[in-house]
1. Pick from B:310, B:343: which is modelled with pLDDT under 95 and in contact with a Lys or Arg (Cβ under 6 Å, 6 or more places away or on another chain)?
2. Among the residues of the stretch A:21-38, write down those that are closer than 22 Å to residue A:165 by Cβ and of a type in the set (A, V, I, L, M, F, W, C).
3. Cβ contacts < 6 Å: first residue within 14 Å of another protein chain (Cβ to nearest Cβ), restricted to the stretch B:303-322; second residue in a helix (DSSP H, G or I) and of a type in the set (Asp, Glu), any location; separation 6+ or different chain. Result?
4. Look through A:230, A:215 and report the one residue that is more than 27 Å from residue B:306 (Cα to Cα), part of a helix (DSSP H, G or I) and within 13 Å of chain B (Cβ to nearest Cβ).
5. Free of Cβ contacts under 8 Å to residues at least 12 places away in the same chain, at the interface with another protein chain (Cβ under 8 Å from one of its Cβ atoms) and surrounded by fewer than 21 Cβ atoms within 10 Å (Cβ to Cβ): is that true of residue B:334 in this structure?
6. Are any of the residues in the stretch A:43-65 in contact with a Leu (Cβ under 8 Å, 6 or more places away or on another chain), surrounded by fewer than 15 Cβ atoms within 10 Å (Cβ to Cβ) and among the aromatic types (Phe, Trp, Tyr)?
7. Can you tell me which residues in the stretch B:255-277 are at pLDDT below 75 and surrounded by 14 or more Cβ atoms within 10 Å (Cβ to Cβ)?
8. Go through the stretch B:13-64 and report how many residues are in a loop (DSSP other than H, G, I, E, B) and within 29 Å of residue B:231 (Cα to Cα).
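The values are calculated or read from the model by the stated rules, or taken from the named source; none is laboratory data. This one's a predicted model, so the numbers in the text were calculated from it and none came from an experiment. Neighbour counts are summed over all protein chains in view; Cβ atoms, including those assigned to glycine, are modelled from backbone coordinates with ideal geometry.
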Amino acid sequence: MSEAKTQRHRPVSGVYLFVLALLLLGRLVSPTFWTAGSLLQVVQDVSILGVVAVGLAFITYSGHFVDLSIPAIMAVSGIVAVALLPYGYSLALAAGLLSGLLLGLVNGLVVGYLRLNPILWTLAALSLIDGITRWAYGGQWIYADETTLAGTRFVGIYRASVLGVPAIVLVFAAVAIVGGLLMRHSGWGRNLKLVGAAYEPARMSGVPVRRTVCIAFVLSGLTSALAGLIKTSLNKYGDVEIGLGYDFLALTAVVLGGTPLAGGRGTMAGVVGGALVMGLLGSILPLIPGIGQDQQSMIRGVIFVVVVGLSQWALRRRGRDDQ
Amino acid sequence: MAAPGQPVLQMVGVTKRFAGTVAVDGVDFELLPGEVHALMGENGAGKSTLMKILAGSFADYTGQILIDGQPVDLRSPQAAQANGVAMIYQELSLAPPISVAENLLAGRLPGRGPWLDRRALTEQARACLARVGLEIDPAVPVEDLSLHEAQLVEVAKALATEPRILVMDEPTSALSREEVDRLFELIDRLRGEGLSIIYISHHLPEVFRIVDRVTVMRDGRRVITHAIGEVTSRSLVELMVGGSVNTLYPVRERPASAVGSQPLLRVEGLTRYGFFHDVSFALRPGEIVGLCGLAGSGRSEVARSLCGLDPLDEGRVFLAEEPLMAGDYGAAIGAGLAYLTEDRKAQGLALRLTIGENLLAASTPRLTRWGRYREALGRPTTAGLLTALQVHPAEPEREVSTLSGGNQQKVLLGKWLATEPRVLILDEPTRGVDVGAKAVIHRAVAHVADQGHAVLLISSDLPELVGLSDRILVLREGHLIGELRGEERSEETALLAANGELPGRRP
């Protein structure tokens, strides 16, 4: 029993050991790394990725691997919001979020109800949405008009702070807490775990498997849209390319946090830890001489392969090959 | 070549033990050249194990096997094949997306250097198919064939290894009457060519039609071998069932409420084209009703369709006289129906999750208030079930995959008991389970009925079906052909009825 328990908790503590090691490495590389301002900066930098990862975690947890259309959804929500800013700040934000929710719903209907392969469908969705957006906006940047109140407020989202803490860090925290409650303490989260661990037995237990999976994609669409709004606020313009790479980074964070690609286990605390690791890497690696963008990208690739490999190996060693 | 009259196969004192049990116990078995020999017995009698020994599936059997009078060692599938043994299992072993030709010649595809020799492939495949009288294009993928054609391809594949001995395990369970006729013509022709065939089946009429001799097994031993003309279906059934070791079944008083009270489950004219037709019955409170039928009779199909898991073409289902919407499994469960699947590993349990998570897997709606899952509400249920079902080890945090088969099956039953169902449908509730777990499960099922709920029991374990059921519905080829009540219920009558011979009636 004690062994079973440690098995279940190890993934979370594991990723926080990684966080700790990176904090130590950061101190070695830069003496000013261990200051409140510097650490908050790290968290602020990782907030957008963290919000995406929380939503994506539901999909991975449900055994449906990944939503590859995340970058396109981020772009659409940002562009929609900026385009609608003249009609009011709240309306623009709501429309941005709604666009993500609807795109997530389409993904959810196709993957959840029609049972298309999630990787193939969301890859196709990425291309479709991206193409439509480019066609509609000619691939141009759409600037938020900072001479209007709505424009100023929108651009201010990323830059606002509450009692010295960046507002978006609070947004990330809120999303993570709500996500954690949904995953751990809701009836839907309970069903999602069953679906992820064993789809057919879940169905035979009366779990509404299609709806359960569909909701995971809707939530991922929603968090992607939220992340897209924040990123657009940071950039001050809507752009089709803002989401580039977030799908892969978020998936790395999720798997790093102890959710295996096979699904059925994992925690939101682990996902947050995984996002922190990615953020710390992004802050520390550039400080090391000789490491540029290309090397960082390679390091992230290696981490992904190693983490996925380790998680598969650990499952196989325990006689539970998930293939 | 063997001297005339010399057996092609002799098994002498063959024994195979599994942990704790003797599955095959000192069996002597003889097979003559050019004979079709039926191997019969109840589930668990040791037929399959004996045939697996012959196919080289076990390296650790004891006893002697002689082929053409020469002692052989069949301790690997390769050794069995090299000695001329070929098997055709119930589940086909063909790869559906691959062409017939490649399936037939898998592992010995004709080549010219590094390239596949397409012409030789087609020619060799045609020759194989000709032996079973199948005229199809060898380039067609197996998935485009009918089940019957695929089965003939399977036979052709087995024949391609030039066997002396061919084992067929329930080859007709998925075939139509006309297809059975064609398969029997083929068997006749192969017999004429001198091939010896071991034929495993529960279908008595087929056995009488096609075989020359029959061997009956019971409790791992050979009971008797007879020429088919020397036995009747009744004497065969008695040999299979007679004196078999019965576990004790819980004694139940049939509650008076069962008579005349409103049925908990009533189905009317259930039909799924091609599977079952116009099936009607009712379960009353406190009743355990058995559903008996041969493989392929539509037992599980009826159960799956009435729950809403599979489609229903006609008919209606009432739970406590409230109509159930067809095809809505979730609603049926919500209304108090439970269906325990026959496939524990693929459909029953989430093997990677814990005992506790599996026990409550079907209870999420009951434990959720305003969207919030109340984990604490489930704990007493879990603890109660672990005790009642004597799950060992009784640790809710343990992964289910680490349990023995018997304890896994208890957890699967516990999952449905946790939903407190009014109607419990059990599909093979004790398949592959040890005697101890079986007794626990039987007591739990009896307890459900004693509480005034209704149970529909589907089982090919005859002692279980007879011992546990108050009455037995008989399903044959998708039709409900009768019911066994009171004194009529015995293993013999059940088996005869499943074969179409109801007591007091002649087919």
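1. Values: B:343 fails: in contact with a Lys or Arg (Cβ under 6 Å, 6 or more places away or on another chain).
Selected residue: B:310, the only one of B:310, B:343 that is modelled with pLDDT under 95 and in contact with a Lys or Arg (Cβ under 6 Å, 6 or more places away or on another chain).
2. Within the stretch A:21-38, A:22, A:23, A:33, A:34, A:36 meet the criteria.
3. Listed by first residue and then by second, the contacts come to nothing, as the list is empty.
4. Numbers: A:230 fails: within 13 Å of chain B (Cβ to nearest Cβ).
Result of the check over A:230, A:215: A:215.
5. Working: free of Cβ contacts under 8 Å to residues at least 12 places away in the same chain: no; at the interface with another protein chain (Cβ under 8 Å from one of its Cβ atoms): yes; surrounded by fewer than 21 Cβ atoms within 10 Å (Cβ to Cβ): yes.
No.
6. Scanning the stretch A:43-65, I find no residue that is in contact with a Leu (Cβ under 8 Å, 6 or more places away or on another chain), surrounded by fewer than 15 Cβ atoms within 10 Å (Cβ to Cβ) and among the aromatic types (Phe, Trp, Tyr), so the answer is no.
7. At the first step, the residues of the stretch B:255-277 found to be at pLDDT below 75 are B:255-260.
If the condition is that a residue be at pLDDT below 75 and surrounded by 14 or more Cβ atoms within 10 Å (Cβ to Cβ), then B:255, B:258 are the ones that fit.
8. First, pick out the residues of the stretch B:13-64 that are in a loop (DSSP other than H, G, I, E, B): B:19-20, B:32-35, B:41-46, B:55-61.
Subsequent filtering for residues that are within 29 Å of residue B:231 (Cα to Cα) retains B:32-35, B:41-46, B:55.
Matching residues across the stretch B:13-64 total 11.
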